[in-house]
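K.L.:
Attaching a single structure in structure tokens format; questions to follow.
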Amino acid sequence: MSALMGQMMQMPLLISSLVQHAARHSGDTEIVSKRVEGDIHRTTWAGVERRSRQLAQAFDRLGCAAGDRIGTLAWNGYRHLEIYYGASGSGRVCHTINPRLFPEQIVWIANDAADTVLMFDLNFLPLIEKIAPELKTVKHFVLMTDRAHMPAASTLPNLLCYEELVEAENGDYRWPQFDENTASSICYTSGTTGHPKGAVYSHRSSLLHAYASALPDAMNCSTRDVILPVVPMFHVNAWGLPYSAALVGCKLVFPGPHLDGKSLFELFENEKVTFSAGVPTVWLGLLTYMKANQLKFSSFKRTVIGGAACPPAMMKTLQDDFGVEVIHAWGMTELSPLGTLSKLMSKHDTLDKDAQQRLLEKQGRVIYGIDMAITDDDGHALPWDGQATGNLVVKGGWVISSYFGRAESPLISVDGDPGWFPTGDVASIDPDGFMQITDRSKDVIKSGGEWISSIDLENIAMAHPAVHEAAAIACKHPKWDERPMLVVVLKPGASATREDILGFFDGRIAKWQIPDDVVFTADIPHTATGKIQKLKLREQFKDHQLPAA
Ligand code: ADP
């Protein structure tokens, strides 16, 4: 017996279709960029699509084959957007590299991905000149600027000018059609343990992610939005926003490298930004600047915060003092990145504000296309009672099944059901499917066999009025094995003692979970994606003597 087949058009889900759609149906909608050079540049979706075609022709002229990796070291801007579409759309693979990594890591990643072209912003020229001799596969170096800004001399062989490459082509190019499972882009994990690993996205997975993340219970993107991704385009494709924005055809605003509070605030106001996304640390600078200058937003309505736990105090400030809805989200490079977001269901309308807030502070519910479970260490599923915590595992159409160039499968079975990706996060899930991360498994503090959530401790500390930023780490302890200690950066001009901070924990958490010590410091180290660098902190305080109980 043969099944009856559907009789619908076969349209492969290709990234080029996104920019074509935006150009045809929202052609004059603006793409605004604050450039490395400091000025404001304006183009439109039609302009981006035309130049992406010209760029695709330029890749042909350079002799780039299908599947070639095109590396980028660039801030958020229109040229980077053109590379997203020109590279992936023409069957090459867009490989965004995080320029904040150590030079040795950048070299390692570019060599592992075997990038054949490297395209970079003006301010990365000295870095690229330094590492170029070690880049084994790069044939073409392209400076993302115009002729006027090209250096008079460079040690790079045959340094090409981006604008000249694009302008040399006529745009008479038809986007090729190919298998939607073809690779579209690669992002590397930060490699906090061992070498970074490449997550290879496909056109299909990127489009599914773009559709799903635009949904109302996710990022709720509309053609009426003005989206400013603060999250860098080198951090998991700016969480897919360059794709979702094309899908709905809305205005995009790019801040370039200008991420200080003042520059961001001016761009938000001048371009009437409605929606943004970023890791918690980027909002610290903006909010400090706005408070100091008694400023308010006039158009900014909502933001997704994720990549690290959003402290409830920050959520409250944004909501109550600045009128910005905070959507707490969880995801990771291996998930393209969106997995869950916290939005209330209609049955929560009758809850009081505090109860609603507690739900919104969780990492939230999955979007259709992703499924999740929590397991014990033997791979057995744990109940969704909001109490049990276990290893968070996921599966779905935009979750990796393997890493680039690695034969071994990272996937595991749950109660005999194969194909789950272990996230390395520890979480609980409540009966409504609200997931809450309590820790990364490597950051959890194990005191006398009991687990203490570093996120819980940080959230409490961050609610203290004098605290700017706080990190909780495990400290070796002769009796309990590990005990929590807190590293605190105070707000400018504020003062607090160790006792003030520890006293603040009273009544807010079980007594045995209260940190044993507080250390004040001028600065907490952050990873290249703006998250607290726990590994480095643990290293820094490995000989710290906790006061005797
Ligand atoms: P890396 O931080 O290694 O560069 P990712 O950006 O992929 O790589 O980080 C994913 C990890 O970030 C998750 O596994 C989780 O530990 C953490 N994370 C992401 N979002 C949240 C969140 N909302 N709350 C707590 N942790 C989060």
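K.L.:
Look through 146, 172 and report the one residue that is open to solvent by 40 Å² or more (accessible area, probe 1.4 Å), in contact with an Asp or Glu (Cβ under 8 Å, 6 or more places away or on another chain) and at pLDDT 95 or above.
P.N.:
146
K.L.:
Okay, moving on. Among the residues of the stretch 162-180, is there at least one that is in the same structural domain as residue 30 (by TED's automatic domain parsing) and farther than 25 Å from residue 246 by Cβ?
P.N.:
Within the stretch 162-180, one or more residues are in the same structural domain as residue 30 (by TED's automatic domain parsing) and farther than 25 Å from residue 246 by Cβ.
K.L.:
Go through the residues of the stretch 418-429 one by one and say whether even a single one is away from the ligand (no atom under 11 Å from the Cβ), in contact with a Lys or Arg (Cβ under 8 Å, 6 or more places away or on another chain) and among the aliphatic types (A, V, I, L, M).
P.N.:
Scanning the stretch 418-429 turns up no residue that is away from the ligand (no atom under 11 Å from the Cβ), in contact with a Lys or Arg (Cβ under 8 Å, 6 or more places away or on another chain) and among the aliphatic types (A, V, I, L, M).
K.L.:
When the stretch 204-255 is examined, which residues are found to be of a type in the set (A, V, I, L, M, F, W, C) and at positive phi?
P.N.:
236, 238, 239
K.L.:
Based on what the data block shows, is residue 305 over 18 Å from residue 230 (Cβ atoms), open to solvent by less than 20 Å² (accessible area, probe 1.4 Å) and within 16 Å of the ligand (Cβ to nearest atom)?
P.N.:
Criteria not met by residue 305.
K.L.:
Sticking with this one: From 371, 320, 378, which residue is exposed (fewer than 15 other Cβ atoms within 10 Å of the Cβ), of a type in the set (D, E, K, R), out of contact with any helix residue (DSSP H, G or I) (no Cβ under 8 Å at 6 or more places or on another chain) and part of a helix (DSSP H, G or I)?
P.N.:
Testing whether each residue is exposed (fewer than 15 other Cβ atoms within 10 Å of the Cβ), of a type in the set (D, E, K, R), out of contact with any helix residue (DSSP H, G or I) (no Cβ under 8 Å at 6 or more places or on another chain) and part of a helix (DSSP H, G or I) leaves just 320.
K.L.:
Kindly indicate whether any position in the stretch 185-195 is among the aliphatic types (A, V, I, L, M), more than 14 Å from the ligand (Cβ to nearest atom) and closer than 21 Å to residue 13 by Cα.
P.N.:
No, because not a single residue in the stretch 185-195 is among the aliphatic types (A, V, I, L, M), more than 14 Å from the ligand (Cβ to nearest atom) and closer than 21 Å to residue 13 by Cα.
K.L.:
A follow-up question, please. What are the residues in the stretch 1-37 that are within 29 Å of residue 143 (Cα to Cα), assigned to a loop (DSSP other than H, G, I, E, B) and open to solvent by less than 40 Å² (accessible area, probe 1.4 Å), if any?
P.N.:
Result: 14, 27, 29.
K.L.:
Under 8 Å between Cβ atoms, which residue pairs at least 6 apart in sequence (or on different chains) link something in the stretch 172-187 that is more than 24 Å from residue 47 (Cβ to Cβ) and small (Gly, Ala, Ser) with a partner that is modelled with pLDDT of 95 or more and in a loop (DSSP other than H, G, I, E, B)?
P.N.:
Matching pairs, first to second residue: 183/67.
K.L.:
Given 360, 318, 338, 284, which one is out of contact with any Pro (no Cβ under 8 Å at 6 or more places or on another chain), within 15 Å of the ligand (Cβ to nearest atom) and touching a residue at least 60 places away in the same chain (Cβ under 8 Å)?
P.N.:
Every option except 338 fails the conditions.
K.L.:
Right, another one. Go through the stretch 527-549 residue by residue and tally those that are within 16 Å of the ligand (Cβ to nearest atom) and open to solvent by 70 Å² or more (accessible area, probe 1.4 Å).
P.N.:
2
K.L.:
With the structure loaded, tell me whether residue 469 is open to solvent by less than 50 Å² (accessible area, probe 1.4 Å), away from the ligand (no atom under 15 Å from the Cβ) and charged (D, E, K, R) or whether it fails that test.
P.N.:
Yes: the conditions hold for residue 469.
K.L.:
State the number of residues belonging to the stretch 114-123 that are of a type in the set (D, E, K, R) and outside any loop (DSSP other than H, G, I, E, B).
P.N.:
Number satisfying all stated conditions: 1.
K.L.:
Can you confirm whether residue 313 is over 25 Å from residue 213 (Cβ atoms), surrounded by fewer than 21 Cβ atoms within 10 Å (Cβ to Cβ) and within 16 Å of the ligand (Cβ to nearest atom)?
P.N.:
So residue 313 fits the description; yes.
Condition check ((1) under 27 Å from residue 492 (Cβ atoms); (2) modelled with pLDDT of 95 or more; (3) among the aromatic types (Phe, Trp, Tyr)) across all residues:
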{"site": "202", "(1), (2), (3)": "no, yes, no"}
{"site": "212", "(1), (2), (3)": "no, yes, no"}
{"site": "215", "(1), (2), (3)": "no, yes, no"}
{"site": "230", "(1), (2), (3)": "yes, yes, no"}
{"site": "246", "(1), (2), (3)": "no, yes, no"}
{"site": "257", "(1), (2), (3)": "yes, yes, no"}
{"site": "267", "(1), (2), (3)": "yes, yes, no"}
{"site": "275", "(1), (2), (3)": "no, yes, yes"}
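K.L.:
Then there's this: Checking residue 516 against (1) open to solvent by less than 60 Å² (accessible area, probe 1.4 Å); (2) within 16 Å of the ligand (Cβ to nearest atom); (3) touching a strand residue (DSSP E or B) at 6+ places or on another chain (Cβ under 8 Å), which single condition isn't satisfied?
P.N.:
(2)
K.L.:
Another question about this same structure. Of the numbered conditions (1) touching a Ser or Thr at 6+ places or on another chain (Cβ under 7 Å); (2) in a helix (DSSP H, G or I); (3) more than 15 Å from the ligand (Cβ to nearest atom), residue 237 satisfies every one except a single condition; which is it?
P.N.:
(3)
K.L.:
Among (1) in the same structural domain as residue 239 (by TED's automatic domain parsing); (2) modelled with pLDDT of 95 or more, there is one condition residue 330 misses while meeting the rest; what is its number?
P.N.:
Result: residue 330 passes all but (1).
The values are calculated or read from the model by the stated rules, or taken from the named source; none is laboratory data. Predicted model, so just to flag it, every value in this text is computed and none were measured. Glycine gets a Cβ as well: all are built from the backbone with ideal geometry, and neighbour counts include every protein chain shown. All accessible areas refer to the heavy atoms of the entire protein, side chains included, with ligands and DNA or RNA removed. Shrake-Rupley method; radii C 1.70, N 1.55, O 1.52, S 1.80 Å.
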